[in-house]
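Engineer: Let me give you the structure first, and then I'll get to my questions.
Rule-based calculations on the coordinates, nothing more; no lab input. Predicted model only: the values in this text are computed from it and were never measured. Ideal geometry is used to build each Cβ from the backbone, glycine not excepted, and the neighbour counts take in all protein chains shown.
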Amino acid sequence: MADTSFSPVPQREEDPGYRVSRRNKIWFVLGVVLLVLVVGGVVVWVVLRHMKRNSWHGRGTTANFSLVLQSRCSSYRRDPQTVPGPVDCTKIVEAFENAFIFKDPCKITEEDYEPLLKLTKQSIPCGKVLLWSKTKAMAHRFTQQRQDLFTLEDALLGYLADGLSWCGFPDSNAMNYQSCPTRGDCKENPVSVFWDVASKTFAQGACGVVNVLLNGTRSNAFDENSTFGRVELHTLKASALHVWLLHDQEGEPSDTCSGSSIAHLESIASGKSMTFNCQDIKSLDEMRV
Ligand code: N1C
């Protein structure tokens, strides 16, 4: 017969050893729950951050953005007489970056670029501005040959930014190299606001006859929604507008100086008391500026 006198049924609640081990168990479970919550939180944070970096539909910031700006700034060689005072490239790069670093890439304002605009102020001589719309490569080819003429990209401000992409984050000083917002994502994105304010400033400074190279292979050579139609035309304070409408060497033109889109452009120019002229051309050699 088993002797039960030396193995009493344990008095669970009263046994101090039992109480300690139960408390330990509770602490252990709480610890595990806390750990799971912390690890889960970190994972969710990393995933959300990654999604946020990749959530826009445009190209991410150009690699080595600051270095590219710095080297473009120091290699800028156009008539130095157009730039008032010495150019401080370190300050210019800093002002460019401060316009979008640590900011929501959908809430950029023209004021954000104000310091950069001040540092890159440039006065182009009267009659020497060439605007363009849907003819970027041709316009640049032309001003390569004619160093006295300036597109926005021949001015320091446009030269710095041409072809680049940039944006940041509201809560960090990093640049987003994965993706940046397009106009479709949000209108107030760093790149769109930049080109709008740069184009506005450039057009405001133009005087005398302003030339614009438009694309005659498009059905609407003058497009009211383009930067030229939406921003530049309305800010011009010049005395005259000369349109060069470039066509293909062969084939029928899609739009001409006598077409309705140019007539519309003429009516806007006349409303601003600007003399208006339009010339159909088949080659840049015909441009007599
Ligand atoms: O919308 P657009 O042309 O009519 O803009 C061209 C017009 C030019 O006269 C320039 O002064 O506006 C200025 N401008 C630039 O200089 C420029 N460089 C690069 C406007 N946009 C510029 N970009 C980029 O090309 C920018 O991303 C913008 O959205 C396009 C506009 O090109 P477009 O439609 O052919």
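Engineer: Stokes-Einstein D for region 208-280 at 37 °C, 0.692 mPa s, Kirkwood Rh over Cα pairs, in µm²/s?
Structural biologist: 268 µm²/s
Engineer: What fraction of the DSSP beta bridges in the chain is antiparallel, stated in percent and rounded to the nearest 5?
Structural biologist: Within the chain, antiparallel bridges account for around 15 percent of the total.
Engineer: Which far-off residues, 5 or more places away or on another chain, put their amide H under 5 Å from the one on V289, with H placed in the peptide plane?
Structural biologist: Correct list: empty.
Engineer: Additional query: Kirkwood Rh, region 118-216, all Cα pairs: how many Å?
Structural biologist: After inverting the mean inverse Cα-Cα distance, the result is 15.0 Å.
Engineer: Give me, ordered by chain and number, the residues 5 or more places off L130 or on other chains with an amide H under 5 Å from its own placed amide H.
Structural biologist: Residues meeting the criterion, in which the H sits 1.01 Å from N, are F150, T151.
Engineer: Could you name the lysines in cross-link range of K103, using Cα to Cα under 16 Å and dropping any fewer than eight places away on the same chain?
Structural biologist: K52, K187
Engineer: Let me have the relative contact order for the chain, percent, based on Cα pairs under 8 Å that are six or more residues apart.
Structural biologist: Over the chain, the number comes to 18 percent.
Engineer: In degrees between 0 and 90, to the nearest 10, how far off the longest principal axis of the chain does helix 136-145 point, with axes built from Cα atoms?
Structural biologist: That helix lies at roughly 60 degrees to the long axis.
Engineer: To continue, here is another question. Karplus couplings for region 182-199 from phi (6.51 cos²θ - 1.76 cosθ + 1.60, θ = phi - 60°), rounded to Hz, Gly and Pro as x?
Structural biologist: 8, 4, x, 5, 6, 6, 8, 8, x, 6, 4, 5, 4, 5, 5, 6, 5, 5
Engineer: Based on other C-beta atoms within 10 Å, arrange T135, T90, T217, T120 from fewest to most.
Structural biologist: Least crowded to most crowded, the residues run T90, T217, T120, T135.
Engineer: With viscosity set to 1.567 mPa s and temperature to 4 °C, compute the Stokes-Einstein D of the chain, Rh being the Kirkwood radius across alpha carbon pairs; µm²/s, no decimals.
Structural biologist: Approximately 56 µm²/s, per Stokes-Einstein.
Engineer: Distance between the C-alpha centers of region 87-159 and region 214-278? Whole Å please.
Structural biologist: After rounding, the separation between the Cα centres reads 22 Å.
Engineer: Another question, then. For an R0 of 51 angstrom, estimate the FRET efficiency from the Cβ-Cβ distance between R23 and S172 and round to the nearest 0.05.
Structural biologist: So, using R0 = 51 Å, E works out to roughly 0.75.
Engineer: Relative contact order for region 78-206: what percent, with Cα pairs under 8 Å and sequence separation of 6 or more?
Structural biologist: Contact order relative to length: 34 percent.
Engineer: Starting with the fewest neighbours, write out L164, L130 ranked by other beta-carbon atoms found within 10 Å of each beta-carbon.
Structural biologist: By the 10 Å Cβ count, ascending, the order reads L164, L130.
Engineer: Using only Cα atoms, find the angle between the long axis of helix 89-98 and the longest principal axis of the chain, and express it within 0 to 90 degrees, rounded to the nearest 10.
Structural biologist: Once rounded, one gets 60 degrees.
Engineer: Treat the count of other C-beta atoms within 10 Å as a stand-in for reagent exposure and order V209, V39 from fewest to most.
Structural biologist: Ascending Cβ contact count within 10 Å gives the list V39, V209.
Engineer: Here is a further query. With a cut-off of 8 Å between alpha carbons and a minimum separation of six or more residues, what is the relative contact order of region 172-289 in percent?
Structural biologist: Relative CO of region 172-289 lands at 25 percent.
Engineer: Through the Karplus equation 6.51 cos²θ - 1.76 cosθ + 1.60, θ set to phi - 60°, convert the phi angles of region 255-267 into ³J(HN,Hα) values in whole Hz; use x for Gly and Pro.
Structural biologist: 9, 9, 4, 9, x, 6, 5, 6, 4, 5, 4, 4, 5
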